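The values are calculated or read from the model by the stated rules, or taken from the named source; none is laboratory data. Computed from a predicted model, the values in this text were never measured in an experiment. Cβ coordinates were reconstructed from backbone atoms using ideal geometry, including for glycine residues, and neighbour counts include every protein chain displayed.
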Amino acid sequence: MESASPRRIAPLAASNSGEEAVVWTDEEAAEVVEACKSGDPLAQRRLYDASQKNVYRLVVRMVGLQDAADVTQQVFLQAFRKIGQFSGRSQFGTWIYRVAVNESLQHLRKVKRSRMQLLEQEPMDSAPSGHASIEDQEVLERALAQLEPDLRSIFLLREIDGLSYDAIADVLEIPAGTVGSRLNRARRELKQYLTELGWEP
Amino acid sequence: MNCSEIQERLSSYHDGELSSDVAGQVTAHFAGCSTCAKELTSFEQLSELSCQLVDPQVPNHLWVELQSKLGGSTVPKNSLPADQPASFATASFAKNLPISGRLFALAATVLIACGIGTIAYQAWYSVEYEHLAINFANYLEKFPEQPDVAQQLLLAKYDGQPITLTEATKRLGYEPLAAKGLPPGYSVAEVHLLKMPCCTCAQILCINEAGNTVAIFEHVVDQPVWFGDRPTEDCICHGVPTSIRRAGGRLAATWKEGKRHITLIGATDLEEVAEFIGHFKGVGSG
Ligand SMILES: [Zn+2]
C-alpha cells in the first residue's frame, strides 16, 4: 500500500515526475497561459505537467479507468483549444477542473446507453453483506461509481481535491449558496451506498 | 436552530464554510441532539475514508498521444522529465536493477506505455478489471512485507480454495508447472485456486531455504491489467520475453511458458526471476 499522500493539493500543482508538488505563483501561471495561447509547445507541456495529476485523478473516478486516458486527452485538447477564452478571472487550476468535469459528464452521457446494457448483464457479484474483509478503498470506489455524476463530481472536488465552496461553485458554474446542500445530498447518498455494500466505519 | 436547519448546514459546518457565529450555534445544537451529532460523525467518517483513496498513476503514454493529436510537434528537448520516451524510463529503471545485463538482454524497443491492459478491457466491462487492478496493486505492495496478510485478502476476494496439486490438475485440465518440480531449494507451501474475472487460476506459494516466499500464478488468459500502470521493463531472459515490474521493494515478473501465462511475485532480484524462468523453460510445452 502506498502511504496516503496529503490530499489537500493546490489546484495548480506542478507534478515534477511525481515528486513534491510545486505551486506556481500567479505571475508564473499567467505567463504559461499566455504562452499557451500562442501555441508554444513548451508552455503546453508545462501546463500539462502541472495539472495532469489532478485532471487524471478526477477523470478516473468520473468515467472509470477504462476511458480515463482518452477523456483526459480530450480535456487537454479542449483546454489548449479554448485557452484563448480563458479570461484569467478564475484560477487556471479551477478552469481546467471545469473542462475536466464537463468533458467527463459529456463522455458519460455518450456512453450511458451502452454502459447500462453492460451493467444489466453483469450481476452485482459479491455485494458482501456483513463481509468485513472487503477493503475500504474498494468499497468507496464502488459506492462512488453508483453516485450520480453530478453529485460525484462535487464530492470529489471537495473531498479529494479540497476545493473551497467558492472554487467549487466556479468549477461547476453553480451558485455558491447551493454547494453545501448538494454536498449534503452527495454525502447522504454515498453513505447509503456504502452501507449497502457492507461498509462499517 | 431546529434540526432541519442544522441538517441543511451540515456540510458547510463540516467543511468549515460557516461564519464563526453560525458555526457556534450549530455546535451548540449537537450538544443536545444526538441525531444531528450522529449525522455529522458520519460525514467525518466519509472524509476519513476518502483520505484512503490512492491516487491513480497517470499513464506515461498520455502526453505522447496528446502531442500527436495536438499536431505532431516534437517534445521540447529540455522539457520536464516526467514523461520521457520509453527508452529513457527504461534505461533508468535498468540502472537500478540489482543485476548486470548478463542474464537480461534489454530489448532495444521496449513497451512501457501499454500497461493499462487494453486487450483485456476489450472483452470485459471495466468494473471487474478495475477492481482486479486495485486488488493486485494492494497485493503487490503488501506481499513483500506481509505475505500472509496479502494472501488472506486475495483469497477472500477471489474465493481462494486450498487444494492439492493433483486436485488442481483435475480442476484446471492441465498440470501446474510447479507440479513438475520447483527450482532447487524451493518447496511448495500452499496451493490455491482463485476465481479471477479472467479465468480460474492456480496460485502456488513457494518458500525457499532462507524463508523467503514467492507466489506463482498460472493462468491461460493474458492479464496485464494486474499491474495497472506500473512502469514495466521488457527484457529477454533465457530467450524468453519477460515483463518485469518493481513492487513493494521486490520484483514481479510475467512470461509465457507454452500456453500458460506465468506471473511470479515477490522475487528478491533478477537472479531469482531468472532461476524460475530457466527452471520452467520447456516444461509447459507438452
Ligand atoms: Zn438535531
For this session: With the checklist (1) out of contact with any strand residue (DSSP E or B) (no Cβ under 6 Å at 6 or more places or on another chain); (2) surrounded by fewer than 17 Cβ atoms within 10 Å (Cβ to Cβ) in hand, flag the one item B:Glu175 doesn't pass.
Result: (2)
Exercise. Which residues, counting only those in the range B:174-193, are touching an Asp or Glu at 6+ places or on another chain (Cβ under 9 Å) and assigned to a loop (DSSP other than H, G, I, E, B)?
Worked result: B:Tyr174, B:Pro176, B:Pro183, B:Pro184, B:Gly185
Seminar exercise, completed: Scanning the range A:74-114 for residues that are polar (S, T, N, Q), in contact with a helix residue (DSSP H, G or I) (Cβ under 7 Å, 6 or more places away or on another chain) and more than 13 Å from chain B (Cβ to nearest Cβ) gives A:Ser90, A:Thr94, A:Ser104
For this session: Would you mind finding the one in A:Arg45, A:Arg8, A:Arg89, A:Arg61 that is at pLDDT 90 or above and of a type outside the set (Asp, Glu)?
Result: A:Arg61
For this session: Scan the range B:113-135 and give yes if some residue there is crowded, with 19+ Cβ neighbours inside 10 Å, in a helix (DSSP H, G or I) and either in contact with a strand residue (DSSP E or B) (Cβ under 7 Å, 6 or more places away or on another chain) or modelled with pLDDT of 80 or more (or both), otherwise no.
Result: no
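Yes/no per residue for (1) more than 16 Å from the ligand (Cβ to nearest atom); (2) of a type in the set (Asp, Glu):
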{"position": "B:Ala31", "(1), (2)": "no, no"}
{"position": "B:Glu39", "(1), (2)": "no, yes"}
{"position": "B:Gln57", "(1), (2)": "yes, no"}
{"position": "B:His61", "(1), (2)": "yes, no"}
